[in-house]
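Input: a single structure, listed below in structure tokens.
The values are calculated or read from the model by the stated rules, or taken from the named source; none is laboratory data. As the structure is a prediction and not an experimental result, all values here were calculated from the model. In this analysis, Cβ positions are derived from the backbone assuming ideal geometry, glycine residues included, and neighbour counts consider all displayed protein chains.
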Ligand code: ADP
Ligand code: MG
């Protein structure tokens with residue numbers, strides 16, 4: 001690549017919110033055939049809203065929500081925010097949690113009013129030695145709507161379920177269409193449940209999903225795709241995404257994300273949505289065509 005055309009591309013990229021690290025990133029991106037994206041915050045708005053609280057028999061709806069929201073005050077996860085806001089909107093008074101602990105990719109636990117309380121996905125239910133078999137069926141109707149279901153545990157029993165919905169960004173359907181036209185296979189990776197992931201993917205025409213993914217699994221998934229001969233770009237934003245961004249042929253950091261994600265990436269998108277990836281690909285193709 002000539003330094004001049006790369007400089008021009010870098011300048012044009014910056015004007016449209018695509019920050020290019022170096023010529024190599026541009027060259028590699030032209031050859032990418034597979035794009036891995038996060039569901040939460042990339043395809044969706046990343047601002048989930050509480051839509052349902054479902055107590056188990058013998059438990060009270062407001063109390064289930066109070067326990068859940070009291071615990072979630074200690075978490076910075078978007079799901080936590082949804083639950084706390086939902087409780088506030090419903091006029092539920094929160095207590096103070098003790099021994100709060102976040103369990104990465106699974107949920108949160110601690111004590112409320114001296115009782116052991118936990119909230120999270122089926123992995124967390126199983127970690128705590130509880131049987132989630134009967135619960136999954138109850139959660140499936142909500143998941144088929146694309147909602148995320150979490151289980152509220154109290155003193156060794158499941159006290160209820162909470163469901164949140166995270167709307168798809170307005171720009172996502174059109175961006176996916178463009179990505180397909182540009183020759184990408186689009187893979188959605190999410191820590192969310194498979195059933196929820198499938199419901200969202202089906203609406204958007206996503207080609208492939210990897211669900212129930214722990215942050216640490218993402219680099220391994222990329223390796224697996226690469227070993228099948230794919231050239232992989234990965235879009236991510238979290239501190240936890242840095243190893244995967246580095247493993248990808250091209251890492252794409254969402255500019256709203258962590259510094260370490262940006263350092264590991266070949267591209268940074270000032271605005272964290274897929275439209276930036278469409279622009280970056282067009283720019284890469286045009287620049288490389290110019291050079292050859
Ligand atoms: P993603 O970014 O794809 O949503 P995460 O790894 O952040 O994936 O979360 C994976 C799953 O773990 C969530 O779908 C949820 O079920 C559970 N989880 C994570 N953090 C929390 C939390 N603070 N409260 C409740 N559940 C949580
Ligand atoms: Mg996440």
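Things worth noting here:
- The lone exception for residue 42 - which of (1) away from ligand 2 (no atom under 16 Å from the Cβ); (2) in contact with a strand residue (DSSP E or B) (Cβ under 7 Å, 6 or more places away or on another chain) it fails: (1)
- Residues of region 199-222 satisfying the condition of being under 23 Å from residue 106 (Cβ atoms), modelled with pLDDT of 90 or more and not in a strand (DSSP E or B): 199, 200, 201, 211, 212, 213, 217, 218, 219, 220, 221, 222
- Condition check for residue 167 on (1) under 24 Å from residue 80 (Cα atoms); (2) surrounded by 15 or more Cβ atoms within 10 Å (Cβ to Cβ); (3) touching a strand residue (DSSP E or B) at 6+ places or on another chain (Cβ under 8 Å): one failure, at (2).
- In region 211-229, the residues that are touching a strand residue (DSSP E or B) at 6+ places or on another chain (Cβ under 8 Å) and closer than 17 Å to residue 33 by Cα: 221, 222, 225, 226
- Residue within region 223-237 that is within 13 Å of ligand 1 (Cβ to nearest atom), surrounded by fewer than 18 Cβ atoms within 10 Å (Cβ to Cβ) and within 21 Å of residue 105 (Cα to Cα) present: no
- Residue list for region 77-108, restricted to those being within 21 Å of the chain's Cα centre (by Cα) and more than 8 Å from ligand 1 (Cβ to nearest atom): 81, 82, 84, 85, 86, 101
- Check on residue 60, away from ligand 1 (no atom under 12 Å from the Cβ) and not assigned by TED's automatic domain parsing to the domain that holds residue 253: yes
- Subset tally (residues that are more than 14 Å from ligand 2 (Cβ to nearest atom) and assigned to a loop (DSSP other than H, G, I, E, B)) for region 223-246: 4
- All positions within region 263-288 that are within 19 Å of the chain's Cα centre (by Cα) and touching a residue at least 40 places away in the same chain (Cβ under 8 Å): 265, 267, 268, 269, 270, 271, 272, 273, 274, 275, 276, 277
- The helices (runs of 4 or more DSSP H) located wholly in region 120-191 that include 2 or more residues which are within 29 Å of residue 100 (Cβ to Cβ) occupy 122-127, 133-143.
- Pair list, Cβ < 6 Å and 6+ apart or interchain, from region 243-257 residues that are outside the structural domain of residue 18 (by TED's automatic domain parsing) and over 22 Å from residue 275 (Cβ atoms) to residues that are surrounded by 22 or more Cβ atoms within 10 Å (Cβ to Cβ) and modelled with pLDDT of 95 or more: none
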